[in-house]
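A.B. asks: Let me give you the structure first, and then I'll get to my questions.
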Amino acid sequence: MTNEKSPSQVITYINPELTSQENAKPGRHVNLPFGYGPIPDKNSKIFFFDIDNCLYQRSTRIFEMMQVKIHDYFKTNLNLNDEEANKLHLTYYKTYGLALEGLVRNHEINALEYNSKVDDALDLHKVLRYDIELRNTLLEIKQSGKFDYFWLITNAYKNHALRVISFLGIGDLFVGLTYCDYSKYPIICKPMKEYFLNCFEQTNLEYDKEVLENQYFIDDSELNVKAAFNLGIGNVIHYVEVESDLEKIKAKPDFEEYYGNGDNKDHSKIKILTVFKNLPKLIDL
Ligand SMILES: [Mg+2]
């Protein structure tokens, strides 16, 4: 087993929106030693973390801020009224898992231009704080020695991912990032199988039952956790922050198939996490 990294692979990022005082805190500087992959050693034990609405709470209302920007983008660029824009946005989100996917496929929208007007235009500084509790929770898991690596896995473009983790102060806890490459066509995003296969390639995991059984994945999206589960990732955690969402998930006909009783006792099923700081306990640390 080798553990060498090529220097060109390292991704570092210092958030220019933060003051030098803010940037002095641990974890503000992003340092991803294996960048966008590959991890040099094969079949490690990896904890994959989704970012948006998973490492920060929905009460930040970043999702809503994003919806406003996306809505405006649909209206302006496709010449739609509010109702038409809403409808199309929802249709694309449900069909592709990402509104942008529908824009690129059906309207030849330049995805990077879209990204600059939507994700990169969000005033994250206003809503994302240095999160010491999150940092300590992740550090507790990291320091347990149970995992070889922490890896980020997002449907956002890379800029957004780097900004978010620097604002949160956790930029030093992960070795790399799989992001949604908006410069490619068609766009490959979660929950598509190709997205996960690409992620396994970047993290040097064989697409093999025994290897995947060993891996951990947390996400707030029902579509994504079900896709990860179907692919054979052995430890899938669904972060469900809002009680009413949990009730909706429980009411679905396939609930038992994916979640068992929903009491997290069946280790072959998806586990549900409702309070992020309880993650160490949920994974039996
Ligand atoms: Mg998410």
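A.B. asks: Using a Gaussian network model of the chain whose springs link C-alpha atoms within less than 10 Å, name the residue from T19, T154, T60 with the highest mean-square fluctuation.
C.D. replies: Residue with maximal mean-square fluctuation among T19, T154, T60: T19.
A.B. asks: On to the next question. List the residues whose amide H sits under 5 Å from the amide H of I153, counting only those 5 or more places along or on another chain, with H placed 1.01 Å from N in the peptide plane.
C.D. replies: Counting only residues 5 or more places away or on other chains, the set is F49, D50, I51, T178.
A.B. asks: Over segment 133-229, what is the relative contact order in whole percent, taking alpha-carbon pairs under 8 Å and six or more residues apart? Working shown, then result.
C.D. replies: On the way: 76 pairs, mean separation 21.3, N = 97.
Computed over segment 133-229, the figure is 22 percent.
A.B. asks: Which is the longest run of the chain containing none of the GluC sites (Glu not before Pro) found in DSSP loop states (not H, G, I, E, B) with at most 15 other C-beta atoms within 10 Å?
C.D. replies: Details: sites that count: E4, E17, E108, E206.
It runs 109-205.
A.B. asks: Here's another thing I want to ask about it. Got the relative contact order for segment 60-125 handy, in percent, Cα pairs under 8 Å and 6 or more residues apart? Before the final figure, lay out each step's value.
C.D. replies: Working: 40 pairs, mean separation 22.2, N = 66.
So the answer I get is 34 percent.
A.B. asks: From the P(r) of the chain, could you give the percentage of C-alpha pairs in the tail past 27 Å?
C.D. replies: Numbers: 16378 of 40470 pairs.
More than 27 Å apart: 40 percent of the Cα pairs in the chain.
A.B. asks: I'd like the Karplus ³J(HN,Hα) series for segment 187-193: coefficients 6.51, -1.76, 1.60, θ = phi - 60°, whole numbers in Hz, and an x wherever there's a Gly or Pro.
C.D. replies: 6, 9, 9, 4, x, 5, 4
Each value in this text was obtained by applying a stated rule to the coordinates, not by laboratory testing. Quick caveat, the model's predicted, so the values are computed rather than measured. Cβ atoms come from the backbone with ideal geometry, glycine included; neighbour counts cover every protein chain shown.
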